[in-house]
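Here is the structure we will look at.
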Amino acid sequence: MIASTASTGEGHHRHPRQAHVDPLAGHRTPGDPPWDVYLTGTVFLDIIFTGLDSAPVRGTESWARGMGSSPGGVANMATALARLGLRTSLAAAFGDDHYGDYCWDALEQGEGIDLTASRTVPGWHSPVTVSMAYEGERTMVSHGHEPPPEEPAPDSPPYARAAVASLTPGKRDPWIAQAASRGTRVFADVGWDDTGAWDLAGLADLEHCEAFLPNAEEAMRYTGASCPRAAAHALTAHVPLAVVTLGAEGAYAVDRRTGESAEVPAIAVEALDPTGAGDVFVAGFVTGTLAEWPLADRLAFAGLTAALSVQEFGGSLSAPGWSEIAAWWRRVQSVEGQAPEALRGYEFLTDLLPAQEPTPWPRRRAVPTIGFRRSA
């Protein structure tokens, strides 16, 4: 396991494209789709409280030492993809309130995400999640209403190299089949099955997916396997590439098409807020897959980006960019007593990262609140 020297101290606000790296530069041609990744879903306004000593106790008042606001929900994944240099298109409904305006501006202007397929829904207020982070865990409370049925996914999703989909047991999303029929490579994750059925047949859209990325508990419940690695192999009967996240143990993946498997340990970090870490992991894996990296490198990169994200609070604004990745790689090599064999798993970063020395480790803090006046 690699030890990281990163701290969680305060710092300055970042510009999302401070160090530009195009991981697909060697694969781009004039006939490419306009977008690298398409995704759709619900954007929340996340309000995050950090620095809590423990979980809130019924009948008492808890004071947090820090707080912030940022776009959440599907915005976590969209931001993580955009910060890794992928041309990202998002279809989402936005409320016509201040929260919706803030989230739209943060994603379009702040992160460079294409919102052509998105729209503001009159009379619909933005969903809100309050997240409380403590002891490396989180507790969340959300409120919102379903948008009108025609929102937000368009009848025909834009053409993209890849799409990220969140599968829902017992439900088909027509856009997934439409995207796959046009050659879009679909990467899927899944949430907890509240029905308790854990029936893979209920994930009907899995047949259109190239990769499935559940966590260990989900993978074992869906397959009935006694361990997550066996579950990953069982999943390849249903999808070409299975990636199972193992929490503090790292991740394991199996590619049915090549017969290849890979396992990468986790990186030791001090976690501040795990919100959005799973989305960042998927974004890192999608990036490596589109760039045609070896399976072990893709797993290592995904785990690294997720590890960097949990050292910041907030979902979307904790996603690392290439400056943070470069700073980590330079710092971790200087750690005294670092095991050379652990570092070898990340040597592929050397050819990817900016040649110039990055700015001091940028901090991607969520803003303390929304509604401040901008100075002239």
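The values are calculated or read from the model by the stated rules, or taken from the named source; none is laboratory data. Worth saying up front: this structure is predicted, and the values here are computed from it rather than measured. Don't worry about glycine lacking a Cβ; one is built from the backbone with ideal geometry, like all the others, and counts go over all protein chains shown. The protein model used for the area step is the full one, side chains on, heavy atoms only, and it has no ligands, DNA or RNA in it. Shrake-Rupley method; radii C 1.70, N 1.55, O 1.52, S 1.80 Å.
Assess whether Asp46 counts as being modelled with pLDDT under 95 and under 18 Å from the mean Cα position of the chain (by Cα). Give the steps one after another, and end with the answer.
Details: modelled with pLDDT under 95: yes; under 18 Å from the mean Cα position of the chain (by Cα): yes.
Considered against the rule, which asks whether it is modelled with pLDDT under 95 and under 18 Å from the mean Cα position of the chain (by Cα), Asp46 comes out as yes.
Can you confirm whether the stretch 246-261 contains a residue that is under 29 Å from Ser181 (Cβ atoms), open to solvent by 40 Å² or more (accessible area, probe 1.4 Å) and assigned to a strand (DSSP E or B)?
Looking through the stretch 246-261, at least one residue is under 29 Å from Ser181 (Cβ atoms), open to solvent by 40 Å² or more (accessible area, probe 1.4 Å) and assigned to a strand (DSSP E or B).
Based on this model, can you work out whether Pro265 counts as within 26 Å of Arg87 (Cβ to Cβ) and open to solvent by 20 Å² or more (accessible area, probe 1.4 Å)?
no
Tell me whether the stretch 302-325 contains one or more residues that are open to solvent by less than 10 Å² (accessible area, probe 1.4 Å), small (Gly, Ala, Ser) and modelled with pLDDT of 95 or more.
Yes, the stretch 302-325 contains a residue that is open to solvent by less than 10 Å² (accessible area, probe 1.4 Å), small (Gly, Ala, Ser) and modelled with pLDDT of 95 or more.
Which condition number does Thr168 fail, the rest of (1) within 19 Å of the chain's Cα centre (by Cα); (2) in contact (Cβ under 8 Å) with a residue 40 or more places away in the chain being met?
So the condition that Thr168 fails would be (2).
Just one of (1) modelled with pLDDT of 85 or more; (2) over 19 Å from the mean Cα position of the chain (by Cα) trips up Gly73, so point out which.
(2)
Just wondering, is there one or more residues in the stretch 101-110 that are aliphatic (A, V, I, L, M) and in contact with a helix residue (DSSP H, G or I) (Cβ under 9 Å, 6 or more places away or on another chain)?
There is at least one residue in the stretch 101-110 that is aliphatic (A, V, I, L, M) and in contact with a helix residue (DSSP H, G or I) (Cβ under 9 Å, 6 or more places away or on another chain).
At least 3 residues that are touching a Leu at 6+ places or on another chain (Cβ under 7 Å) and over 22 Å from Leu213 (Cβ atoms) in each: list the strands (runs of 3 or more DSSP E) lying fully within the stretch 86-184 that qualify.
Output list reads 128-134.
Listed here are the residues, each with its yes/no results for (1) touching a strand residue (DSSP E or B) at 6+ places or on another chain (Cβ under 7 Å); (2) more than 19 Å from Ala216 (Cβ to Cβ); (3) modelled with pLDDT of 90 or more; (4) among the polar types (S, T, N, Q).
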residue: Ser156; (1), (2), (3), (4): no, yes, no, yes
residue: Ala162; (1), (2), (3), (4): yes, yes, yes, no
residue: Ser166; (1), (2), (3), (4): yes, no, yes, yes
residue: Arg172; (1), (2), (3), (4): no, yes, yes, no
residue: Gln178; (1), (2), (3), (4): no, yes, yes, yes
residue: Gly183; (1), (2), (3), (4): no, yes, yes, no
residue: Phe187; (1), (2), (3), (4): yes, no, yes, no
residue: Val190; (1), (2), (3), (4): yes, no, yes, no
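List pairs: first in the stretch 251-265 and touching a residue at least 12 places away in the same chain (Cβ under 8 Å), second assigned to a loop (DSSP other than H, G, I, E, B), Cβ under 6 Å, 6+ apart or cross-chain?
Final answer for the pair search is Val254/Thr236; Arg256/Thr236; Arg256/Pro240; Arg257/Pro240; Val264/Gly250; Pro265/Met1; Pro265/Gly250.
Pick from the stretch 163-219 the residues that are under 19 Å from Arg298 (Cβ atoms) and not hydrophobic (A, V, I, L, M, F, W, C): which of them is surrounded by the most Cβ atoms within 10 Å (Cβ to Cβ)?
Here the residue is Pro214.
Please enumerate the residues belonging to the stretch 91-147 that are open to solvent by 20 Å² or more (accessible area, probe 1.4 Å), among the aliphatic types (A, V, I, L, M) and under 16 Å from Pro71 (Cβ atoms).
Matches in the stretch 91-147: Ala106, Val128, Val130, Met140.
Which members of the stretch 51-75 meet the condition of being open to solvent by less than 10 Å² (accessible area, probe 1.4 Å) and touching a Gly at 6+ places or on another chain (Cβ under 6 Å)?
Correct list: Gly68, Ser70, Gly72.
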